[in-house]
Amino acid sequence: MDTERASPRYSDIDVWAPLDIAEAMIEGQFTAVAAVRGARFALLEAALAAAERLRSGGRLVYVGAGTSGRLAVQDGAELVPTFSWPQERLLLLIAGGRNALLRSVEGAEDAVDQAARLTQQHEIGPADVVIAVAASDRDTPILKEADHAILLDTGAEPIAGSTRMKAGTAQRITLNVFSSVVMILLGRVYDGLMVDLQAVSQKLVRRSESILTRLTGSSGEQAREALHRANGNVKLAVLLLHGCDVKEATDVLHRAGGQLRAALADIGKPGPEPADLSDLPTS
């Protein structure tokens, strides 16, 4: 396991100048980004498969232990306020339970029987998308058993075995990219905006109003009134501001599978044309 391997390069890091230590740590973060980019095609395949399965109503299930588990749980938890992902379709499992979110629970990652019981208890099945995150080596069973394995080759850490460093950064980036791509594919982003966000704070209420004024050209007062009629649903509010009543907007959005762009086209109000990305590099 590379993260456990002591690298000769860092063997005397404890006597380095503080600036050199910091430089080495920062350099490791760039290595993490490069590792994710190297796995981008596997990452894309996984996101496409996950989105397809989730369209049928399955759950997102995040599973992990230690640092990997905490990163997984964080990513999953953020999907609810950011994209209004249904709480009942989200399952967050970390070895050691809730206590492991705040402190290390030694030995929890070895409780295989407990993991099996949790799988049965929550009836995790083929309709669900399970995202299992771990810091391990290339021959680990998780890579062999996964439908879509994503290997992040980050190499040895400046502090041997400390997977919270560049290995953790690579995992965090991958989870972020994966879930964001999935949410975009499921229509929870429109014109680069979080049109499915939950306005659970004053900041997000203001953001919702700003999204509406940008997408429809309405005034702040009109946006607030539409949001109130739509019970805070930005997509519905967009359709209301385009002349629909609540029932019509709800029906149109349902027919469009939650895709605002398709819903707007349905009522004869097509959105902005997608940008031409043909000249951008793909390699």
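The values are calculated or read from the model by the stated rules, or taken from the named source; none is laboratory data. Note that the structure is a prediction, hence the values are computed from the model and not measured. Here the Cβ is made from the backbone with ideal geometry for all residues, glycine too, and neighbour counts use every protein chain on show. SASA here: full protein model, heavy atoms, side chains in, ligands and nucleic acids out. Shrake-Rupley method; radii C 1.70, N 1.55, O 1.52, S 1.80 Å.
Just flag the trypsin sites (Lys or Arg not before Pro) in the range 39-114 sitting in loop per DSSP whose Cβ has no more than 14 other Cβ atoms within 10 Å.
In loop regions of the range 39-114 (DSSP not H, G, I, E or B), the sparsely surrounded trypsin sites (Lys or Arg not before Pro) are R55, R103.
Hey, which lysines would be in cross-link range of K247, C-alpha to C-alpha under 23 Å, not counting anything within fewer than 8 residues on its own chain?
Partners within reach: K235, K269.
Got the relative contact order for the range 140-283 handy, in percent, Cα pairs under 8 Å and 6 or more residues apart?
14 percent.
Give the longest segment of the chain that steers clear of GluC sites (Glu not before Pro) in DSSP loops with at most 11 neighbouring Cβ atoms within 10 Å, not counting the sites themselves.
Segment 124-283 is the longest.
For a quick check, take a GNM of the chain with Cα springs below 10 Å and name the residue from D266, D113, D153 with the largest mean-square fluctuation.
D113
Taking every pair of Cα atoms in the range 154-283, average 1/r, invert it to obtain the Kirkwood radius, and report Rg/Rh to two decimals.
With Rh from the inverse mean 1/r over Cα pairs, Rg/Rh is 1.13.
May I ask for the Rg/Rh ratio of the range 46-167, computed from Cα atoms with Rh as the Kirkwood radius, given to two decimals?
With Rg and the Kirkwood Rh in hand, the quotient comes to 0.96.
Within the chain, which complete DSSP H helices have Cα atoms spanning at least 20 Å along the helix axis and a mean Kyte-Doolittle hydropathy of -1.0 or higher?
18-38, 40-54, 66-83, 166-185, 202-216
Determine the relative contact order of the chain: mean sequence separation of Cα pairs under 8 Å and six or more apart, normalised by residue count, in whole percent.
RCO, the chain: 23 percent.
In the neighborhood of L236, defined by Cβ-to-Cβ distances under 12 Å, what is the net charge if each Lys or Arg adds +1 and each Asp or Glu adds -1?
In short, -1.
Using only DSSP helix segments of four residues or longer, with each worth -39500 (n - 2.57), what per-residue ellipticity at 222 nm results for the chain after dividing by its residue count and rounding to 500?
After summing the helix terms and dividing by residue count, I get -15500 deg cm²/dmol.
Working with all protein chains in place, sort S104, S56 by solvent-accessible area computed with a 1.4 Å probe, largest first.
Sorted descending by solvent-accessible area, the residues read S56, S104.
Where only protein heavy atoms count, and the probe is 1.4 Å, what is the accessible area per residue for the range 58-185 in Å²?
Here the residues of the range 58-185 average 52 Å² of exposed surface.
So how do K166, K203, K247 rank on accessible area, 1.4 Å probe, biggest first, that is with the largest at the start?
Result of the area sort, largest leading: K247, K203, K166.
Can you check how the C-alpha radius of gyration of the chain compares to 2.2 N^0.38 Å, as a plain ratio?
My calculation over the Cα atoms of the chain gives 1.18.
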